[in-house]
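These notes are about the structure you will find just below.
The values are calculated or read from the model by the stated rules, or taken from the named source; none is laboratory data. None of these values were measured; they are calculated from a predicted model. Neighbour counts run over all protein chains shown; Cβ positions are idealised from the backbone, glycine included. Accessible surface is based on the protein model in full, side chains and every heavy atom, while ligands, DNA and RNA are left aside. Shrake-Rupley method; radii C 1.70, N 1.55, O 1.52, S 1.80 Å.
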Amino acid sequence: MIIVSEEVCRSVFGRDDAFNAVEAVFASMARGDAYNFPVIREAIGYEQALYGFKSGFDRAGLTLGLKSGGYWPNNTSKGLTNHQSTVFLFDPDSGRFKALVGGNYLTAVRTAAASAVSIAHLARRDSKVLGIVGAGHQASFQLRAAVEQRKFERVVAWNLHVEKLEALARIASEIGLPFEAVDREQLCAAADVIITITSAHEPLLLNEWIKPGTHIACMGTDTKGKQEVDPALVARATLFTDEIAQSVSIGEAQHAIASGLMSKDAITPLGDVINGKHLGRASNDEVTVFDGTGVGLQDLAAASAALRAAEAQGSAITIEL
Ligand code: NAD
């Protein structure tokens, strides 16, 4: 059995690696070469935690396994990140356990890569202002990955607790971009690309605030009941997702469908755009939404690339089971 620690993942697996792994696996899913198994996610009635498993198999990448973990909302006060996860990889030829890979850093970097892939394929080329809604653990990863996709000139951001925006302001300054804390309506008026990455359970962005041509990556809604944007906005937009089954059950589309504003048929896998099967954005006025629900195959793709890199660099630990 091979172990790749959190620290090793951080040193061998960067944003480009994550972008390439996620883009490839979205393409693979859309071709039907890779599929996710049904997600198990339960409120365990302890520490307000959500715990579960995401798993799948990629026949093209020969990656089989699962990510186990979840969300512990009180961890920040203990000096830990709220998301905790570990990836388990298995040999698809024999079913033997292959590797245990730390999943916390990989989750953040692969989630940021998913919205970055959506920006690369769907945002207007001339996008200048990036809006970030949320300032938790994932938000800084989102900011760093997004700015690499377009020539952004400015960052605007909103968070429930405004003081938490300081960390994002520091990153923007490090990158050399002006940063402004704004209210949500101002953010929508200014931003060409918006990333939502909160744990909200109600619409934070209203349809009428969104200007034509905006691309929105909704990344926070990954569970039944969570919600970040107005269902009318989801219905108005050309809607893309990582996986349709998750979009309608645990993503933003769950609310628009429940309200009868749209049907499942209106949702396109982002992989179809990557594979050239769908045009993507058709005009500069179109509003595009990426419903990024987070699929197990993203974790498996990231973990197996990190495993390969760690083995190549001699930083993976091997033990006999
Ligand atoms: P975190 O706990 O570190 O931060 C939570 C963020 O949500 C903070 O900005 C907080 O202010 C905000 N928030 C909480 N309640 C809110 C409310 N009612 N209204 C508005 N804002 C609110 O969490 P994180 O690790 O940054 O994750 C953020 C979200 O992203 C979570 O919902 C998480 O489940 C989700 N997530 C999704 C994926 C994916 O692949 N789609 C991956 C990882 C995390």
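Quick notes
- For the chain, accessible area per residue (1.4 Å probe, heavy atoms of protein chains only), Å²: 42 Å²
- Evaluated on the chain, the Kirkwood hydrodynamic radius is 19.6 Å, with distances taken between all distinct Cα atoms.
- Of all lysines in the structure, those lying under 17 Å Cα to Cα from Lys151, and not within fewer than 8 positions of it along the same chain, are Lys128.
- In this calculation the C-beta distance from Arg170 to Asp33 is compared with R0 = 41 Å, giving a FRET efficiency of 0.50.
- Signed unit charges on C-beta, dipole axis of the range 121-294, positive-most listed residue Gly260, Ala245, Ser199: Ala245
- If only the Cβ of Lys and Arg carry +1 and only the Cβ of Asp and Glu carry -1, the dipole of the chain around its Cα centre is close to 220 debye.
- Residue of Phe141, Phe290, Phe37 that the Gaussian network model of the chain assigns the largest fluctuation, springs spanning Cα pairs under 10 Å: Phe37
- Between helix 137-146 and the chain: long-axis angle, C-alpha atoms, 0 to 90°, nearest 10: 70 degrees
- Environment charge of Leu205, counting only residues whose C-beta is closer than 13 Å and scoring Lys/Arg +1, Asp/Glu -1: -4
- Alpha-carbon centroids, the range 59-131 and the range 132-153: separation in whole Å: 16 Å
- Heavy-atom accessible surface of Asp17, to the nearest 10 Å², is about 70 Å², with a 1.4 Å probe and all protein chains retained.
- Contact order normalised by residue count of the range 179-321, Cα under 8 Å, 6+ apart, percent: 25 percent
- Alpha-carbon centroids, the range 1-54 and the range 203-224: separation in whole Å: 23 Å
- Share of carbon and sulfur in the accessible heavy-atom surface of the range 121-294 [1.4 Å probe, %]: 51 percent
- FRET efficiency, Ser5 to Arg154 (Cβ-Cβ, R0 30 Å, nearest 0.05): 0.20
- Extension gain for Arg59-Glu202 works out to 47.7 nm (0.36 nm per residue, less the C-alpha to C-alpha distance).
- Sequence-distant lysines (8 or more away, or on other chains) whose Cα lies within less than 22 Å of Lys98: Lys54, Lys67
- Heavy-atom accessible area, probed at 1.4 angstrom with all protein chains present, ranks Val117, Val162 as Val162, Val117, highest first.
- Heavy atoms of Trp209: accessible area, 1.4 Å probe, square angstrom to 10: 60 Å²
- Antiparallel bridges, percent of DSSP beta bridges restricted to the chain (to nearest 5): 50 percent
- Straight-line cross-link reach from Lys277 at under 18 Å between alpha-carbon atoms covers these aspartates and glutamates, not counting any fewer than eight positions away in the same chain: Glu23, Asp33, Asp242, Glu243, Asp265.
- Label separation (Lys277 vs Val162): 4.7 nm, computed from points 7 Å beyond Cα along the C-beta direction.
- Axis angle, to the nearest 10 degrees, between helix 15-31 and the longest C-alpha principal axis of the chain: 90 degrees.
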